[in-house]
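Read the figures in this text as sums done on the coordinates, not as results from a lab. All of these numbers come straight from a predicted model, not from anything done at the bench. FYI the Cβ positions are ideal-geometry reconstructions off the backbone, even for glycines, and counts take in every protein chain you see.
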Amino acid sequence: MKIFSIKTIPIASWSSDHALNLRPRILTLYILCLGLTLFGIGDSLLIASGAGNSPWTVLSQGLSRMSGLSIGVTTFLTSLAVLFFWIPLKQRPGIGTILNVVIISIAIEIFLPYLQQPDSYTLQVVEAGLGILLVGFGSGLYLIANLGAGPRDGLMTGLQRVTNLPLARVRTAIEVAVVFFGWLIGGTIGLGTLMFAFGIGPAVSMGLYLVNCFSTKST
């Protein structure tokens, strides 16, 4: 299907001309922040569902158990390590790279206390699925803004450019590898973890497709 075969980030009329843009248009910055906020709400839904941590949290948890460091510290160090992989992939950071960390964290801090874990496991899985879809749509908004990707999304787009595979396949391969390694070193997984690992790639691809369809195309 075309929706899952996207290989490049679409360009819209409101997209920034380049990632290293320190004076973006207000509309571009607004859409970037909206996308990152939706991303954070989606993450909050996944956390609140109790169906399982995201693959990168599983990895951070495993590294924490191996090293004795806190999950917060291992998460930070993992993000730094991912950024180092940007160098051979020739990825460019931008203000979106910084805002990715800041806004998503704030969104989780604000919305998570208002989200309760459902009593029914079926509803937990549904909530996790909604969270994954929202993360995908938020990713579509902020990536098309073209103001710099977050560490993991930048790894995805960089590897896509090298392999020329669809973004959905690249992201799925990354997440599956991360959750497998995280599990091997002691991280715990659940159904929501596997849903995220196999579903986030198609969800991001769908988000890019939908945002592109409803955006005025760049000339």
* Potential lengthening between Arg25 and Ile98 on full extension [0.36 nm per residue; Cα-Cα distance subtracted] -> 24.5 nm
* Structure fact -> Checking rank on 92-99, 74-81, 181-188, 145-152, with mean other Cβ inside 10 Å and highest first, the result is 145-152, 92-99, 181-188, 74-81
* Structure fact -> One would report the Cα pair-distance distribution of the chain, bin width 10 Å, in %, as 9, 33, 40, 16, 2, 0
* Asked: If the chain between Val73 and Leu210 were fully stretched, how many nm would it gain, using 0.36 nm times the residue separation less the Cα-Cα distance?
  -> 45.8 nm
* What does the highest-first list of 23-30, 50-57 look like by mean Cβ count within 10 Å? -> 50-57, 23-30
* Amide H to amide H, which residues 5 or more places from Ala12 or on other chains are under 5 Å from it, using H placed in the peptide plane? -> Ser218
* Could you state the number of Å between the C-alpha centres of region 96-138 and region 1-72? -> 11
* To do: Express in nm, to one decimal, how much length is gained between Phe4 and Leu89 on full extension, taking 0.36 nm for each residue of separation and deducting their alpha carbon distance.
  => 28.3 nm
* Asked: In what sequence do Glu109, Glu127 fall when counting other Cβ within 10 Å, fewest first?
  -> Glu109, Glu127
* To do: Using a Förster distance of 25 angstrom, determine the FRET efficiency expected from the C-beta separation of Leu112 and Leu191, and round it to 0.05.
  => 0.80
* Enclosed volume per residue, in Å³, of the convex hull spanned by Cα atoms of region 46-143 -> 122
* **Net +/- balance of residues flanking Val101 in space, Cβ distance below 13 Å, scoring K and R +1, D and E -1** => -2
